[in-house]
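Coordinate-derived values only; no laboratory data. What you see is a predicted model; the values in this text were computed from it and never measured. Cβ atoms come from the backbone with ideal geometry, glycine included; neighbour counts cover every protein chain shown.
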């Protein structure tokens, strides 16, 4: 299949869940929120697709639905990758604070079953290779996450995702919590990994400049609707909607 | 943070007191200067002396020996109580906090009901149904202690289950049981450890209270609480009978409180 991801007519509703007692006998339509409205798009294999929109517009919900973390939805999601992975926004909560970096990185390798099961030495070798690949010192294996900087943590998070052997990665605002120079490093790293390992990346961001550096194509989202999608250059030069123009003006592009 | 361990003064004092208490308990298990049940009318209510360090009780039994044995009994009961409470509480709290849903609602409402009674009262009800004795007291207090642990662990799990590292562990294919016990549980250890310490204190006091009421350790066996209860008749004629067991209860509780504080501060 040429497309790694096909989403058609995706609708997601959030029911405002209360406790068992609060909701008892009270199921009104008012408590339902329509978060994603008829979202359709395709993503080609080996593509970096940007998803831009303001906070609360449904970007993360879309990511969750694609990853299967949001179970209730209408519509169709076809993902041609058995183990999609995600890099999260907050580098401080994306690593287990009580485990060493080496342990965290080995965890996906421990999960392999049957004949693929790796010995401790093999796992360490894989981890070291991956640490070098994401530009980290292999000595960091013996450190705790609290001893790492935000950029280093994000590199570890990326390494963990890649150690699962995935070809599809969702990066949910992976650089918004970092300062500008580190942002650039992480973006360069993601692009390098994208080329070397042929990974398709769905890059979620609210920063149009970052998206311009990263992505081939971009989708603009507002209030759960995809307003427009297309090549980054086209959209940045000829925005079709006022909202996109507003975003571009705000970003000074 | 994990490598540089600067111990607070609380922690050091607590560790020293607890150390002394533990040494006394161990000595009590191995050897006591006198047989704790042997009566000697010649030394009835004798004041502390070199021969009887803490004096003698109304039957002429050596109080020092009885305190050593009694501390052992109190300690074992408190330890078993906390173990039952903590293990059951952790399992219940972990599952309800992690999975949520109707099971959580039901178990937590039961928890609320149990919580509404003072643990001693609950244990009294239990003992009045199943009878007195060391093991019944352990079971009764253990069950009474479950809710407090369950609540603390549940709160921690609710906090951690939404964290990104738990989500990425799920995406990596880690099983839910492994996420609960390997990924999340170690992170609750600091909070859990200090509440175990506090729980231990409460258990010591509860055991003393129950033995004082005469439903815990049965005579002629000794426990700090039962000794206090026996001593109250002689409070003015032989104050040492009450002072030494009481002081030992204070020492035990104080030591563990300070330790708990020290752990929290770290």
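For the reader, a short list of remarks on this structure follows.
- The DSSP beta bridges internal to the protein assembly as shown are antiparallel in roughly 55% of cases.
- Contact order relative to length of the range A:108-200, as percent, for alpha carbon pairs under 8 angstrom and 6 or more apart: 26
- Distance between the modelled labels on residue A:149 and residue B:116, one decimal in nanometres: 5.6 nm (7 Å Cα→Cβ projection).
- A P(r) calculated from all alpha carbon pairs of chain A, with 5 Å bins opening at zero, reads 1, 6, 12, 16, 17, 15, 13, 9, 6, 3, 1, 0 percent.
- Per-pair calculated FRET efficiency, R0 = 41 Å: residue A:119 and residue B:23 via Cβ, rounded to 0.05: 0.35
- R0 of 60 Å, Cβ-Cβ distance residue A:72-residue B:236: FRET efficiency to nearest 0.05: 0.20
- Residue B:250 paired with residue A:234, simple spin-label distance in nm, labels 7 Å along Cα-to-beta-carbon: 8.4
- Calculated mean residue ellipticity at 222 nm for chain A: -10500 deg cm²/dmol, from DSSP H runs with n ≥ 4 weighted as -39500 (n - 2.57), summed, divided by the residue count and rounded to 500.
- For the range B:1-129, the square roots of the Cα gyration tensor eigenvalues, ordered a ≥ b ≥ c, give a/c of at least 1.5 with a/b no greater than b/c, which places it in the oblate category.
- Approximate shape of the range A:67-194 as ellipsoid semi-axes (Cα gyration tensor, √5λ), whole Å, largest first: 23, 21, 13
- Shape call, the range B:129-266: gyration tensor on alpha carbons, a/c limit 1.5: prolate
- Take every DSSP beta bridge whose two residues both sit in chain A; close to 55 percent of them are antiparallel.
- Each Cα pair under 8 Å and six or more residues apart adds its separation to the average, and for the range B:203-266 the resulting relative contact order is 24 percent.
- With a Förster radius of 51 Å applied to the C-beta separation of residue A:248 and residue B:91, the computed FRET efficiency comes to 0.40.
- Inter-chain shielding of B:170-183 (mean C-beta neighbours from other protein chains, 10 Å cut-off): 4
- Considering the range A:206-253 at the alpha-carbon level, its Rg and Dmax are found to be 9.7, 25 Å.
- Cα-based shape type of the protein assembly as shown, given that a ≥ b ≥ c are square roots of the gyration tensor eigenvalues and the cut on a/c is 1.5: prolate
- Rg and Dmax of the range A:45-90, based on Cα coordinates, read 11.6, 30 Å.
- Spin-label model, residue B:9 to residue A:14: label points 7 Å out along the Cα-to-beta-carbon direction sit 5.0 nm apart.
- Placing one equal scatterer on every Cα of chain B and applying the Debye formula, the log10 ratio I(q)/I(0) at q = 0.07, 0.13, 0.14 Å⁻¹ is -0.32, -0.89, -0.99.
- Against chain B, whose longest principal axis is taken from its Cα atoms, helix B:134-161 shows a tilt of about 30°.
- Among A:195, B:159, B:69, A:100, a tally of other beta-carbon atoms within 10 Å of each Cβ gives an order, fewest to most, of A:195, B:159, A:100, B:69.
- Take each peptide in B:242-253, A:173-184, count the other Cβ atoms within 10 Å of every residue, and average; sorted highest first, the result is B:242-253, A:173-184.
- Taking the average, over residues, of other Cβ atoms within 10 Å as the packing measure, peptides A:64-73, B:191-200 rank B:191-200, A:64-73 from highest down.
- Relative contact order (percent, whole number), chain A, Cα cutoff 8 Å, 6+ residue spacing: 27
- Within 10 Å of the Cβ of each residue in A:94-107, the mean number of Cβ atoms contributed by other protein chains is 4.
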